[in-house]
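Working notes, beginning with the structure itself.
The values are calculated or read from the model by the stated rules, or taken from the named source; none is laboratory data. For clarity, every value in this text was computed on a predicted model and none was experimentally measured. Cβ placement follows ideal geometry from the backbone for every residue including glycine, while neighbour counts extend to all protein chains displayed. With ligands, DNA and RNA removed, areas are computed over all heavy atoms of the protein, side chains included. Shrake-Rupley method; radii C 1.70, N 1.55, O 1.52, S 1.80 Å.
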Amino acid sequence: AYLFVGPDAVGKKTIASEIASKLLKTTREKLNTSPDYSFTTRIFDEKTGKTKKNITIAQMRELREYLARRSYMGGYKVAIIDGADKMNIEAANALLKTLEEPSENTILFLITDNDAVLPTTIRSRCQTIHFSLISEDILKNISNDEEKVKLSQGRPGRLIDWQENEDGFINYKSEIDRFHSLFDK
């Protein structure tokens with residue numbers, strides 16, 4: 001099990017997906033169709049119209065059952081838990097059993113912005129890899145737009161999103177302007 005820790009939009013999930021695709025001999029685009037791949041995150045509650053606050057014990061039990069079965073393709077099974085810090089205590093305890101008694105050829109990636117909120121028992125059973133912000137010089141390889149590079153604040157995921165979604169960048173800038181307009185009021 002690997003614990004990827006760092007700020008949002010620095011590539012933790014992208015790296016985990018890339019490793020998973022290599023292990024499962026597929027592309028990142030086709031990863032979700034692999035029977036040996038599982039992705040877990042907080043679920044959307046249709047009743048409230050909002051994303052649930054936590055990853056639930058039911059989700060972790062389902063993941064544990066999935067990982068206990070043999071690989072369909074005869075190789076690895078890979079699971080990514082995005083927002084692992086959002087597991088409630090019951091879900092974390094359910095995951096702990098999987099970490100203590102892993103199935104053969106099973107790789108888990110726990111993705112989090114804040115590993116300090118995870119139980120020590122979970123952290124101690126994972127190899128932690130820290131991700132950090134990227135320098136502006138490196139980000140200039142992604143975009144020539146100085147303003148986007150500066151406002152991305154070292155987050156390549158944010159910069160890439162703005163390259164593909166100009167409206168997202170315009171909205172971000174308008175929120176900055178709105179925030180600045182609040183001063184002296």
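I'd like the accessible area for GLU62, computed on protein heavy atoms only with a 1.4 Å probe and all protein chains in place. Round to 10 Å², please.
130 Å²
Expected output is a single nm value to one decimal: the length gained when fully extending between ASP167 and SER135, i.e. 0.36 nm times separation in residues minus the C-alpha distance. What is it? Before the final figure, lay out the partial values.
Details: separation 32, 0.36 × 32 = 11.52 nm, distance 2.44 nm.
Difference between extended and current length: 9.1 nm.
Among the listed pairs LYS25/LYS47; LYS13/LYS50; LYS50/LYS173; LYS53/LYS185; LYS140/LYS185; LYS25/LYS148, which have their C-alpha atoms separated by more than 32 angstrom in this model? Don't jump to the answer; show the numbers that get you there.
Working: LYS25/LYS47 38 Å; LYS13/LYS50 22 Å; LYS50/LYS173 25 Å; LYS53/LYS185 34 Å; LYS140/LYS185 37 Å; LYS25/LYS148 35 Å.
Over 32 Å apart, Cα to Cα: LYS25/LYS47; LYS53/LYS185; LYS140/LYS185; LYS25/LYS148.
Where Lys and Arg each count +1 and Asp and Glu each count -1, what net charge lies around SER174 among other residues with Cβ under 13 Å from its Cβ?
-2
Could you work out how far the C-alpha centroid of region 60-96 sits from that of region 6-46, in angstrom?
13 Å
Helix 89-100: angle to the longest alpha-carbon principal axis of the chain, degrees 0 to 90, nearest 10?
Helix 89-100 sits at roughly 60 degrees to that axis.
Residues of region 163-177 with the amide nitrogen closer than 18 Å to a label point 7 Å from the Cα of LYS150, along Cα-to-Cβ, please.
Under 18 Å, as judged by backbone N against the label point of LYS150, lie 163, 169-177 of region 163-177.
Among DSSP beta bridges whose residues both lie in region 37-185, state the antiparallel percentage, nearest 5.
15 percent
Taking the Cβ-Cβ separation of GLU65 and ALA116 as r and a Förster radius of 41 Å, what is the calculated FRET efficiency to the nearest 0.05?
Details: r = 29 Å, r/R0 = 0.71.
After rounding to 0.05, the efficiency reads 0.90.
Where does the charge balance sit around ILE57 when Lys and Arg score +1, Asp and Glu -1, over other residues with C-beta under 15 Å from its C-beta?
Details: positive: ARG42, LYS52, LYS53, ARG61, ARG64, LYS86, LYS97; negative: GLU62, GLU65, GLU90.
Cβ neighbours under 15 Å give a net charge of +4.
Considering only protein heavy atoms and a probe of 1.4 Å, how much of the accessible area of region 35-134 is carbon and sulfur, as a whole percent?
Details: 2810 of 5870 Å².
Whole-percent figure for carbon plus sulfur exposure: 48.
Mind giving me the nanometre distance, one decimal, between the label points for SER143 and ASN32, set 7 Å out from Cα along Cα→Cβ?
That separation, rounded to one decimal, is 2.4 nm.
Compactness ratio of the chain: Cα Rg over 2.2 N^0.38 Å, N = residue count?
1.18
Using R₀ = 41 Å, calculate the FRET efficiency as 1/(1 + (r/R₀)^6) where r is the Cβ-Cβ separation of HIS180 and ASN105; round to 0.05.
It comes out at approximately 0.20.
Compute the relative contact order of the chain as a whole-number percentage, counting only Cα pairs closer than 8 Å that sit 6 or more residues apart in sequence. Spell out each step's value before the answer.
On the way: 265 pairs, mean separation 52.2, N = 185.
Relative contact order for the chain comes out at 28 percent.
What whole-number value in Å² describes the accessible area per residue of the chain for a 1.4 Å probe?
Result: 62 Å² of accessible area for each residue.
Would you calculate, for the chain, the mean residue ellipticity at 222 nm contributed by helices, counting each DSSP H stretch of 4 or more residues as -39,500 (n - 2.57) and dividing by all residues, to the nearest 500?
So the helix-based figure for the chain works out to -11500 deg cm²/dmol.
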